[in-house]
1. Search segment 121-136 for residues being of a type outside the set (Gly, Ala, Ser) and either outside any helix (DSSP H, G or I) or at pLDDT below 90 (or both), and hand back the single one that is least open to solvent (accessible area, probe 1.4 Å).
2. Let me confirm something: among LEU101, LEU118, LEU89, which residue is surrounded by 19 or more Cβ atoms within 10 Å (Cβ to Cβ), in contact with a Lys or Arg (Cβ under 7 Å, 6 or more places away or on another chain) and without any contact (Cβ under 8 Å) to a residue 40 or more places away in the chain?
3. State whether one or more residues within segment 32-39 are assigned to a loop (DSSP other than H, G, I, E, B) and either free of Cβ contacts under 8 Å to residues at least 24 places away in the same chain or open to solvent by 30 Å² or more (accessible area, probe 1.4 Å) (or both).
4. Looking at LEU252, LEU224, can you tell me which residue is free of Cβ contacts under 8 Å to residues at least 60 places away in the same chain, more than 22 Å from the chain's Cα centre (by Cα) and closer than 24 Å to MET168 by Cα?
5. Mind checking whether some residue in segment 239-248 is open to solvent by less than 80 Å² (accessible area, probe 1.4 Å), modelled with pLDDT of 90 or more, β-branched (Val, Ile, Thr) and part of a strand (DSSP E or B)?
6. Please go through (1) modelled with pLDDT of 50 or more; (2) buried (at least 18 other Cβ atoms within 10 Å of the Cβ) for LYS26 and return the number of the only condition it doesn't satisfy.
7. Pick from ARG97, ARG93: which is of a type in the set (D, E, K, R) and at pLDDT 85 or above?
8. Looking at segment 186-204 only, could you name the residues that are outside any loop (DSSP other than H, G, I, E, B) and farther than 21 Å from GLY119 by Cβ?
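The values are calculated or read from the model by the stated rules, or taken from the named source; none is laboratory data. From a predicted model like this one, the values you see are computed outputs, not experimental measurements. Cβ atoms come from the backbone with ideal geometry, glycine included; neighbour counts cover every protein chain shown. For the accessible areas, the whole protein counts, side chains as well, though only heavy atoms, and no ligand, DNA or RNA atoms are used. Shrake-Rupley method; radii C 1.70, N 1.55, O 1.52, S 1.80 Å.
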Amino acid sequence: MPGHEKMSPGEINLVEVTSAAAKATKANLLVVDDDRELCRLISEFLEEDGFRPSAVHTGADGVEQAIHGSYQIIILDVMLPDMKGFDVLRAIRLQNRTPVLMLTAKGDEYDRILGLELGADDYLAKPFSPRELAARLSAILRRSGWQQEGGALVRPAIVRSGDLEFDMASRTVKRDNEELKLTSAEFDLLRIFLESMGKILTRDVLMEAVLDRKFTPFDRSIDLHISNLRRKLGKYENGSERIRSIRGMGYLYVWPSA
């Protein structure tokens with residue numbers, strides 16, 4: 001296995017675990033909609049299209065399942081009996097970045113814009129074609145690293161770097177097999193650092209990629225996120241920092257020791 005290859009200093013130390021992590025599987029899907037018949041139809045259709053669907057019918061149950069369940073993607077209706085879908089989305093985004101596709105009323109531009117501003121990944125107006133729904137869900141998953149091969153979804157590989165295990169599909173990070181409680185911003189920062197290991201990343205690049213806004217000299221939010229991430233990751237075994245500040249330039253994620 002690649003994980004057992006011996007590496008020399010300066011050689012890339014990212015290892016993709018392909019044996020169990022990247023095999024064809026079904027993506028866990030949560031449907032939050034009070035229309036039980038629609039949920040049944042969606043579930044039956046999507047189960048044949050590479051998904052493992054579950055459904056709840058209130059906003060409160062949607063928040064609970066989205067935060068504490070293990071889902072790769074969520075379908076969320078704007079109109080729910082106990083709370084607005086936008087409030088459900090806000091509550092989810094406080095905890096994680098699980099992709100969300102919102103179902104809106106046909107032609108309601110305000111709902112679509114508001115949903116996207118609050119962090120929805122896409123929207124679909126009712127009534128809709130099940131085939132279009134499946135296509136949009138698959139497109140969202142591809143942006144999260146999933147791939148479609150031979151009609152089956154292929155889970156993105158788990159990546160290891162030194163003592164870290166980075167799982168894009170579940171958006172979890174482990175250090176020495178213990179899960180780290182990272183915020184969504186910290187997770188996205190670590191992903192970018194691992195993809196660019198050994199390269200200096202400016203604050204401008206990090207701000208736009210993680211917080212989706214331009215860097216300004218008085219905005220220290222990205223520095224705060226990096227400081228928190230650095231604290232949670234801890235140092236390498238030899239006592240050196242994983243993330244170094246490069247004066248006047250930005251940040252550098254240092255190669256792990258061979």
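1. My answer is LEU124.
2. Details: LEU118 fails: surrounded by 19 or more Cβ atoms within 10 Å (Cβ to Cβ); LEU89 fails: in contact with a Lys or Arg (Cβ under 7 Å, 6 or more places away or on another chain).
Residue meeting the stated conditions: LEU101.
3. Within segment 32-39 (the criterion being assigned to a loop (DSSP other than H, G, I, E, B) and either free of Cβ contacts under 8 Å to residues at least 24 places away in the same chain or open to solvent by 30 Å² or more (accessible area, probe 1.4 Å) (or both)), the answer is yes, since at least one residue qualifies.
4. Going through LEU252, LEU224 in turn, the sole match is LEU252.
5. yes
6. Result: LYS26 fails condition (2) only.
7. Step by step, each of ARG97, ARG93 is checked, and only ARG93 is of a type in the set (D, E, K, R) and at pLDDT 85 or above.
8. PHE193, LEU194, GLU195, ILE200, LEU201, ARG203, ASP204
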